[in-house]
Amino acid sequence: MKAITIWQPWASLIACGTKKYETRGWPTKYRGPIAIHAASRDPRTLQQEVREALGGYAEYVGQNGVKLGQLDELPRGAIIATAELVNVWHIVYNPGTDVDVAKNIPIGAESLTTDKHAPDFGDYFVPTEQEMELGDWTPGRYAWELQNVTFLPEPIPIKGKQGLWNWDVLLLRHKGRDSWDRPVYEDETGKLWKDVEPRADDGPKLCSALYNAFDGEPDTPLEVMERYKDKAIVFMPKRDTWTW
């Protein structure tokens, strides 16, 4: 799974659903699942005016219902969320082709798509004041659009890296429920897994699907497979559990 390391508190601002765009000095052609890794850097090293500005978000509850929390208590050196990288936009002055509209827009972001038949060809948007405050929207940079952000229940400690890097994790994407109402997931190799005890108050009990069939019987328990020993498991968009 691809991952990106981000300083705190910006990593947690993404994780709690407050910040939807990660602004970077470089683009990427990658689209798909991405892990949000909080860097080890201590937020106390930030300039005082930056700390004061971002500290105002401590009690702010993001769209996913998660509160940011105090800056000095944020997790560091760990994966804290997963998301979908759905697009990368080029930050420009006066975006768009409509001059009457563009002259009233100081900063915007335009699509990088060059295919005239693509749905987002010629698209642009204007960032909100909040997004402007939480990112570096200098023209010439890029805005990475993140959707389906899922906050992990517990941070997963791991050392980060520069750029986009690979996180060795079992990524399970929800595919539905079989005829026995068991949640079915697919990993990045196309292998199907079933959670045979999907109780919300207990951990998953994953088994491979017999003959890799959606409605097949559970086969080998993940816990006895050596290749998956000690490997972190991430559900996307989240784990499906039974409710009573």
Probe 1.4 Å, all protein chains in place: accessible area of Glu186 in Å², nearest 10?
60 Å²
Got the relative contact order for the chain handy, in percent, Cα pairs under 8 Å and 6 or more residues apart?
20 percent
Sorted peptide list for 228-234, 146-152, criterion being average Cβ within 10 angstrom, highest first
146-152, 228-234
Sites Asn148 and Asn104 - FRET efficiency at Förster radius 35 Å, r taken between beta-carbons, to 0.05:
0.60
Quick one: which residues, 5 or more positions from Thr18 or on another chain, have an amide H under 5 Å from its amide H? H modelled 1.01 Å from N in the peptide plane, none for Pro or chain starts.
Gln63
Starting from the residue with the highest accessible area, list Lys205, Lys175 in decreasing order, probe 1.4 Å.
Lys175, Lys205
Take the Cα gyration tensor of the range 80-210, multiply each eigenvalue by 5, square-root it, and list the three semi-axes largest first, rounded to whole angstrom.
40, 18, 14
If you place +1 on the Cβ of every Lys and Arg, -1 on the Cβ of every Asp and Glu, and leave all else neutral, what size is the dipole of the chain about its Cα centre, to the nearest 20 Debye?
540 debye
Given the Cα-Cα distance of Lys229 and Trp26 and 0.36 nm per residue of separation, how much length would full extension add, in nm?
69.5 nm
Pairs of alpha-carbon atoms within less than 8 angstrom and 6+ residues apart define the contacts here; what relative contact order does the range 140-225 have, in percent?
15 percent
Work out from phi, with θ = phi - 60° and the Karplus expression 6.51 cos²θ - 1.76 cosθ + 1.60, the ³J(HN,Hα) of each residue of the range 77-84, listed in order in whole Hz, and give x for Gly and Pro.
x, 7, 6, 10, 6, 10, 7, 10
What ranking of Ile107, Ile91 comes out by heavy-atom accessible area, probe 1.4 Å, highest first?
Ile107, Ile91
For Lys229, which lysines qualify as cross-link partners when the Cα separation must be under 24 Å and same-chain residues fewer than eight apart are set aside?
Lys2, Lys159, Lys161, Lys175, Lys191, Lys194, Lys205, Lys238
Taking only protein heavy atoms and a 1.4 Å probe, the highest-to-lowest accessible-area order of Val86, Val184, Val224 is Val224, Val86, Val184
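The values are calculated or read from the model by the stated rules, or taken from the named source; none is laboratory data. Predicted model, so just to flag it, every value in this text is computed and none were measured. Neighbour counts are summed over all protein chains in view; Cβ atoms, including those assigned to glycine, are modelled from backbone coordinates with ideal geometry. Surface accessibility is based on the protein's heavy atoms, side chains included, excluding ligands, DNA and RNA. Shrake-Rupley method; radii C 1.70, N 1.55, O 1.52, S 1.80 Å.
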